[in-house]
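Reading through the structure tokens given below for one structure.
Every read-out reported here was derived from the displayed coordinates using simple, explicitly stated rules and does not represent laboratory data. Just so it is clear, the model here is predicted, and its values are computed rather than measured. Don't worry about glycine lacking a Cβ; one is built from the backbone with ideal geometry, like all the others, and counts go over all protein chains shown.
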Amino acid sequence: MANKVLEVRNLSKVYKGTEFKVPALDRVSFELYTGELLAIMGTSGSGKSTLLNILGALDEPSSGKVFLNGKETKDFFEEPKATLYRRDNIGFIFQSFNLLKDLTVEENVGLPLILKGLAKKEVEQRVDEMLSLVGLAKWKSHRPIQLSGGQQQRVAISRALITSPPIVLADELTGNLDFNTTKDILNVLVNMKKRLDKSIIIVTHDPNVATYSDRVLFFHNGKIVDEYECQSKNNLQNILKKFQKIMEIDQ
Ligand SMILES: Nc1ncnc2c1ncn2[C@@H]1O[C@H](COP(=O)(O)OP(=O)(O)OP(=O)(O)O)[C@@H](O)[C@H]1O
Ligand SMILES: [Mg+2]
């Protein structure tokens, strides 16, 4: 059995305001294994982004526990520790790429290493290796605006992986990309996962995207209501069937 890199136990989140109380996550428990690509699917408002935000220490849970490599993360939900926790443990990939527009491709990818205090020479070497892996070596002096959406997302993937974080979190990473570019980006992600043994969680609305994962968790009203282990065939049909069943709950 592979290593458990992440363990989530009875995680709940209630957003509270003066006028409202929204239960966004309700006793969610699951684990993520080393080298696993886990997809989170669910209807809009089912708590997917809330979950990723908590796992990435961008938000605090109301109750429940998260363990990273066996160690509870409860001390890391508050600043300034949260920033350090993110820097050392989490790679983020966003739908809108979130690259720094005034920096070149190589500067964007190298930034997390510079922030960690690595020497310039080592940063250059690691960035070159990473950009070769994602097929962007030729573009290293370009700025984000000079690249296509798919190329920008490759830069973002490189930036998320460059520090070798134990977990990578991606919320709708192909949401702004067309069908072919989506396939291309998912192949890059799967390839990187295999070569670098990365543990990745992707949130997606798209059953096609979920077929690239090893396992799918289905969310509804803040709960995990179903699960699917991807096999060698028929994944799209099986995922679609389960997803449709969840959408029917509300009707
Ligand atoms: N900061 C917040 N304050 C109050 N309620 C919030 C906040 N963020 C999210 N919510 C609520 O929590 C629930 C879960 O939201 P979340 O963004 O996690 O859903 P999601 O599954 O990511 O949806 P989508 O697929 O539309 O992105 C929703 O009912 C949402 O309105
Ligand atoms: Mg969301």
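Taking each DSSP H run with n ≥ 4 as -39500 (n - 2.57) and averaging over every residue of the chain yields -11000 deg cm²/dmol at 222 nm. Distance between the C-alpha centres of the range 12-77 and the range 222-240: 21 Å, rounded to the whole angstrom. What residues qualify as long-range amide H neighbours of L173, i.e. H under 5 Å apart, gap of 5 or more or another chain, H built at 1.01 Å from N? Result for L173 returns V203. The alpha-carbon of K183 sits under 21 angstrom from the alpha-carbons of these lysines, leaving out residues fewer than 8 places away in its chain: K193, K194, K198, K233.
I'd like the orientation of helix 120-133 relative to the chain: the angle between its Cα long axis and the longest Cα principal axis, in ° from 0 to 90, rounded to 10. Tilt of helix 120-133: around 60 degrees. Between K16 and K81, the distance separating the two model label sites (each 7 Å from Cα on the Cα→Cβ line) works out to 2.1 nm.
Phi angles of the range 205-222 translate, via the Karplus equation with coefficients 6.51, -1.76, 1.60 and θ = phi - 60°, into HN-Hα couplings of 8, 9, x, 4, 5, 5, 5, 7, 8, 8, 7, 10, 10, 9, 9, 8, 6, x Hz per residue; Gly and Pro are given as x.
Taking Rh as the Kirkwood radius, which is the inverse of the mean 1/r over Cα pairs, what is the Rg/Rh value for the range 4-249? Don't skip to the answer; put the middle values down first.
Working: Rg = 18.0 Å, Rh = 18.6 Å.
My calculation of the ratio gives 0.97.
Compared with the rule-of-thumb size 2.2 N^0.38 Å for a compact globular protein, the range 66-175 has a Cα radius of gyration ratio of 1.10.
Straight-line cross-link partners of K21 among the lysines, defined as a Cα under 30 Å from its Cα and at least 8 positions apart when in the same chain: K13, K48, K65, K74, K81, K223, K242, K245.
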